[in-house]
Each structure stands twice: as C-alpha cells, then as structure tokens.
C-alpha cells in the first residue's frame with residue numbers, strides 16, 4: 001500500500017511539474033522573451049540566459065526581484081505582480097529546457 005501511495009504521489013508531482021512548465025512557457029512568451037529570448041537564450045547582451053537554469057535558482061531570483069531585495073529597474077517591475085504560482089511555473093519552464101554543447 002505504501003508503494004502504491006508513493007507511486008501515485010510521484011506521478012502527481014511529475015504531471016504537476018509538466019503542467020507548470022507548459023503554463024510557464026506561456027507566461028515567458030509574454031513577459032520574458034523580449035530580453036531572455038523565446039527559448040531562454042538571451043537576445044540582449046546584458047540579459048542572462050535562463051534556459052537550463054535550476055528551478056530553485058530562477059524562483060529565488062524572481063522572488064528577490066519581486067521583493068526588491070535584488071535591484072534591476074526592469075526586472076523589479078516585471079516580477080512585482082508575479083504570484084508564487086507564476087514564479088514556480090516560470091522556473092519549471094526554464095529548468096525544463098535542455099541545452100546541448102558540441103565541440104567545434
């Protein structure tokens with residue numbers, strides 16, 4: 001019974017993370033893509049790449065911008081209205097992007 005419960009919780013968590021990434025992508029297309037690129041690869045020289053970043057890092061930085069603990073005029077404005085759920089969704093999206101590095 002414990003194994004069955006564990007599997008059910010694991011499946012729910014994986015499904016939830018996938019749902020979060022889909023919702024995060026939709027939000028990122030509106031709020032993030034101009035500076036950080038459609039797939040998290042920055043289109044501006046002073047904007048960081050977000051593709052492949054760990055979810056905990058993206059979440060923490062967005063919360064810091066939202067609270068004002070971390071300062072950037074544009075990011076503070078963008079992060080201020082984000083809910084905890086939206087931050088989690090954005091973090092799920094950017095962390096779900098897989099990067100491949102190839103030698104020349």
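Just to be sure I understand the filter: pairs with C-beta atoms under 7 Å, separated by 6 or more residues or on different chains, first member in the range 66-87 and more than 16 Å from residue 56 (Cα to Cα), second member surrounded by fewer than 13 Cβ atoms within 10 Å (Cβ to Cβ) and modelled with pLDDT of 95 or more. Which pairs pass?
Hits for this filter: 76/68.
If the Cβ limit is 6 Å and pairs must be 6+ apart or interchain, which residue in the range 44-62 that is under 15 Å from residue 83 (Cα atoms) pairs with which residue that is modelled with pLDDT of 95 or more?
Cβ pairs passing all conditions: 58/91; 58/94; 59/87; 59/91; 62/79; 62/87.
Determine whether the range 71-94 contains at least one residue that is modelled with pLDDT under 95, touching a helix residue (DSSP H, G or I) at 6+ places or on another chain (Cβ under 6 Å) and surrounded by fewer than 17 Cβ atoms within 10 Å (Cβ to Cβ).
no
Tell me, yes or no, whether the range 39-51 has at least one residue that is surrounded by fewer than 17 Cβ atoms within 10 Å (Cβ to Cβ), at pLDDT 95 or above, under 12 Å from the mean Cα position of the chain (by Cα) and not in a helix (DSSP H, G or I).
Within the range 39-51 (the criterion being surrounded by fewer than 17 Cβ atoms within 10 Å (Cβ to Cβ), at pLDDT 95 or above, under 12 Å from the mean Cα position of the chain (by Cα) and not in a helix (DSSP H, G or I)), the answer is yes, since at least one residue qualifies.
The values are calculated or read from the model by the stated rules, or taken from the named source; none is laboratory data. This is a predicted model, so every value here is computed, not measured. Note: ideal-geometry Cβ built from the backbone for every residue, glycine included; neighbour counts use all protein chains shown.
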